[in-house]
Amino acid sequence: MKLCDLKNGEKAKIVKIGKIGELKKRLVDMGITAGEVIKLERNAPLGDPQEYIIKSTGIAIRKEDAKNIEVEKIEG
């Protein structure tokens, strides 16, 4: 499943970050790496970008970029 498919409050483990160019390096620098747990905190009023929590830090990612991040949903 893709990161952009999560619903508010759902958590997932990052499996793979696709080819998104220079943005990939910035995401990795912020801690978005394979194996990390990420949670969708909320959507912007118009649905884009989405706010995620990773390592106790909130970050905003556009849906277009979140489509390139593969995750496994974590239940509970």
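The values are calculated or read from the model by the stated rules, or taken from the named source; none is laboratory data. All of these numbers come straight from a predicted model, not from anything done at the bench. Positions of Cβ are generated from backbone atoms using ideal geometry, with glycine treated the same way; all protein chains shown enter the neighbour counts. Heavy atoms of the whole protein, side chains included, go into the accessibility calculation; ligands, DNA and RNA do not. Shrake-Rupley method; radii C 1.70, N 1.55, O 1.52, S 1.80 Å.
Output the residues belonging to the range 12-23 that are touching a residue at least 40 places away in the same chain (Cβ under 8 Å) and out of contact with any Gly (no Cβ under 8 Å at 6 or more places or on another chain). If the condition is that a residue be touching a residue at least 40 places away in the same chain (Cβ under 8 Å) and out of contact with any Gly (no Cβ under 8 Å at 6 or more places or on another chain), then Ala12, Val15, Lys16, Ile17, Gly18, Lys19, Ile20, Leu23 are the ones that fit. A single entry from Ile20, Ile53 fulfils the requirement of being at pLDDT 90 or above and either open to solvent by less than 70 Å² (accessible area, probe 1.4 Å) or in a helix (DSSP H, G or I) (or both): Ile53. Among the residues of this structure, Lys11 counts as one that is open to solvent by 80 Å² or more (accessible area, probe 1.4 Å), at pLDDT 90 or above and not acidic (Asp, Glu). Scanning the range 56-68 for residues that are of a type outside the set (Ser, Thr, Tyr) and not in a strand (DSSP E or B), we see that the one that is most open to solvent (accessible area, probe 1.4 Å) is Arg62.
Scan the range 28-37 and give yes if some residue there is open to solvent by 60 Å² or more (accessible area, probe 1.4 Å) and part of a strand (DSSP E or B), otherwise no.
Yes, because at least one residue in the range 28-37 is open to solvent by 60 Å² or more (accessible area, probe 1.4 Å) and part of a strand (DSSP E or B).
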